[in-house]
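Only the coordinates and a few stated rules stand behind these numbers; no lab work does. Please read these numbers as outputs of a predicted model, since none were measured by experiment. Here Cβ is always computed from backbone atoms with ideal geometry, including for glycine, and neighbour counts include all displayed protein chains.
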2 protein chains.
Amino acid sequence: MSATPAITIVEVSPRDGLQNEANLVETANKIALIERLVAMGARRIEVASFVNPRRVPQMADGEAVIAGLPDAPGVRYIGLCLNERGVDRAIATLDGRRPLDEAGCVLVASDTFGIVNQGQSIADGITANSAMLAKAKAAGLFAQVTVSAAFGCPYEGPVPADRVIDLARRMADAGAQEIALADTIGVGVPSQVGELTERVIEAIAPIPIRLHLHDTRGLAPANAWAGYQAGCRTFDSALGGLGGCPFAPGAAGNVGTEELLYLFGRSGIDHGLDLETTLAANAWFATIMGRALPSRAGKAGDFVARPIPTGATS
Amino acid sequence: MSATPAITIVEVSPRDGLQNEANLVETANKIALIERLVAMGARRIEVASFVNPRRVPQMADGEAVIAGLPDAPGVRYIGLCLNERGVDRAIATLDGRRPLDEAGCVLVASDTFGIVNQGQSIADGITANSAMLAKAKAAGLFAQVTVSAAFGCPYEGPVPADRVIDLARRMADAGAQEIALADTIGVGVPSQVGELTERVIEAIAPIPIRLHLHDTRGLAPANAWAGYQAGCRTFDSALGGLGGCPFAPGAAGNVGTEELLYLFGRSGIDHGLDLETTLAANAWFATIMGRALPSRAGKAGDFVARPIPTGATS
């Protein structure tokens, strides 16, 4: 293993993995989850979302989670900021025991989706995110932004690649230090993900790209692999593939960290995490959630030769 | 759409999809399933396995299923033959109302797995399959063979690519008219599947290759896409991703037909099936099985823009 892994996994289970869970996960369990993620080897972890607690009660304890973050050297903690108030809350952690390292902003690539979800058109989103990125960066936070619905909008359908490239370029001009493309509703296919990844890399270089993929239609690992082949080296994923809505059977969650570790690990690409520790974390967190987590690789585990049944001759 | 689709989907739900199901599916429901598969547009369907009914009770009604097959012009029906007795049973259907079109043989690429499952070493398997292929072909059946455990053995671990290529070449020499590579336990990754597919195509050309992928670790769609890029044009899949063992949560089944239709369809590659009819078949068969089928694309459905919620302004 090299000192620097070939790819970086950004663990989003404490935020995107949990925010749609109707049953509130206790703050202590969120902190214990983050400790597990650190032990797995995750070096970037999305730990909180600074949203209105009335809109997303599961994320109401952001500051409390941050107050209890393990002081893990080399680990970067991310807070999701959906507006300037969120950036202010992220900046406020800088005075605390364990400050956040990154502010993650979100620009929705669809007028309709942006207005339905946040009352914000694309144009308004560009203005708001530009100001948010500048403010976060000025305060010393790593300022990154995710272009969401980059591969399709639930209301408008397909999202033109040219629009996503334009938005990525605008965010680069606004000072973003990393730009992610999100397949928020899990509709992308590998040819599309590969092509858009390549074009956005070309548009924003040397600013790095990140992919945020949902496994709604079982294609997230295929899309991650296509993104890797196109040059992406940083991928969001969630332990156990958390992030689906437990009451909507169709809504699978983020791509499972287990899927990405198995995919990249067996392809000889160093990801810096430990699959066995990850599988143990999955088993533990399933007991917290009271159900098996959706990740298939998490259920099946690593490829380990089994003992030959007694009685068989070879 | 062209007259000949760019890829062929071989529907294996009536056989590989059901054989591990503990609850016996009635013959009439198997026939109704096959009728649905025909209506979806499937043009090759694996309908029966000629195994000892005491070993696999779910497959005991092979001849009864065949007696009730829809007489669908242009559809090719496949019977799985694990030994010479199986080939004889496939040949016997040639005198019936609706004869089988293909005999599918199986050569296990691992001594240990072959001996544990069928009491047959690789060497014995080569001899047996060579005779079986010749007999089936002489009788007028399309004689194809699957090299199983081609990407890994549950007991021996990794299976050397050179061995698989050698076995494929031997089966080609024995007269096989198509050779499939099976990721029986779902351990392959795209780089491996792509490379082995390419090498086997080179070794057996002009005999066509087929891929049979299980989605045990969530990578089957990624592997199918890698196989396509390497030149494979025929893929096994099962409606709803059937084929896991319902009592072993880790044992996911075949790659879902829904996943492949979504993957290839949205990539602009004509597969000749209709996704909406497939989703309806999935919903119907879930009522027969009494549970949701594992396919994620089957649960989420096609990418269709939803109506904008009332109250939102665009």
Open item on the list: What percentages make up the Cα-Cα pair-distance distribution of segment A:124-249 when the bins are 10 Å wide from 0?
Closed with: 13, 44, 32, 10, 0
- [ ] Taking amide H positions as placed in the peptide plane 1.01 Å from N, state which residues far from residue A:142 in sequence (5 or more) or on other chains have amide H under 5 Å from it.
- [x] A:102, A:103
Task: Approximate shape of segment B:59-149 as ellipsoid semi-axes (Cα gyration tensor, √5λ), whole Å, largest first - done: 26, 13, 11
- [ ] With a point put 7 Å past each Cα toward its Cβ, work out how far residue A:94 is from residue A:304 in nm, to one decimal.
- [x] 4.6 nm
- [ ] In Å and from the alpha-carbon atoms only, list the Rg and Dmax of segment A:8-300.
- [x] 17.3, 46
TODO: Have a look at A:116, A:38, A:12 and tell me which one the Gaussian network model of chain A (Cα, springs below 10 Å) gives the largest fluctuation.
DONE: A:116
TODO: Could you calculate the FRET efficiency of residue B:22 with residue B:85 from 1/(1 + (r/R0)^6), where r is the beta carbon distance between them and R0 is 25 Å, rounded to 0.05?
DONE: 0.50
- [ ] Evaluate the Kirkwood expression for the hydrodynamic radius of the protein assembly as shown, namely the inverse of the mean inverse distance over all pairs of different C-alpha atoms, and round to one decimal in Å.
- [x] 25.4 Å
Task: Across A:30/A:299; B:30/B:137; A:299/B:299; B:137/B:299, pairs whose alpha-carbon gap is larger than 30 Å - done: B:137/B:299
Open item on the list: With Kirkwood's inverse mean 1/r over C-alpha pairs for Rh, give me the Rg to Rh ratio of segment B:262-309, two decimals please.
Closed with: 1.03
Open item on the list: Just to confirm the numbers: residue B:124, label point 7 angstrom along the Cα-Cβ line, distances to the other copies in nm, shortest first?
Closed with: 7.3
Task: Nm distances between copies for residue A:4, ranked from closest, using label points 7 Å along Cα→Cβ - done: 5.0
Task: Estimated [θ] at 222 nm from DSSP helical runs (n ≥ 4, -39500 (n - 2.57)) normalised by residues in chain A, nearest 500 - done: -12000 deg cm²/dmol
TODO: Give the angle, between 0 and 90 degrees and rounded to the nearest 10, that separates the Cα long axis of helix A:122-138 from the longest principal axis of the Cα atoms of chain A.
DONE: 80 degrees
Open item on the list: Using the Cα atoms of segment A:166-205, I'd like the radius of gyration and the largest Cα-Cα distance, Dmax, both in angstrom.
Closed with: 10.8, 29
TODO: Take every DSSP beta bridge with both residues inside the protein assembly as shown and express the antiparallel ones as a percent of the total, to the nearest 5.
DONE: 5 percent
- [ ] For segment A:179-314, take the alpha-carbon Rg, divide it by the Kirkwood Rh, and send me Rg/Rh.
- [x] 1.05
Task: log₁₀ of I(q)/I(0) at q = 0.17, 0.30, 0.33 Å⁻¹ - segment A:193-238, Debye sum with one point per alpha carbon - done: -0.43, -1.11, -1.25
TODO: Calculate, for residue B:52 and residue A:134, the FRET efficiency according to 1/(1 + (r/R0)^6) with r their C-beta to C-beta distance and R0 56 Å; round to the nearest 0.05.
DONE: 0.20
Task: Within straight-line cross-link reach of residue A:135, aspartates and glutamates at Cα separation under 20 Å, skipping those fewer than 8 residues along the same chain - done: A:46, A:63, A:84, A:88, A:95, A:101, A:102, A:124, A:173, A:178
- [ ] Taking the rotation that carries B onto A, look along its axis and tell me which residue of B has the beta carbon nearest to it, distance in whole angstrom.
- [x] B:222, 2
- [ ] Once every Cα of segment A:12-81 carries one equal point scatterer and solvent is ignored, give the base-10 log of I(q)/I(0) from the Debye formula at q = 0.12, 0.14 Å⁻¹, two decimals.
- [x] -0.26, -0.36
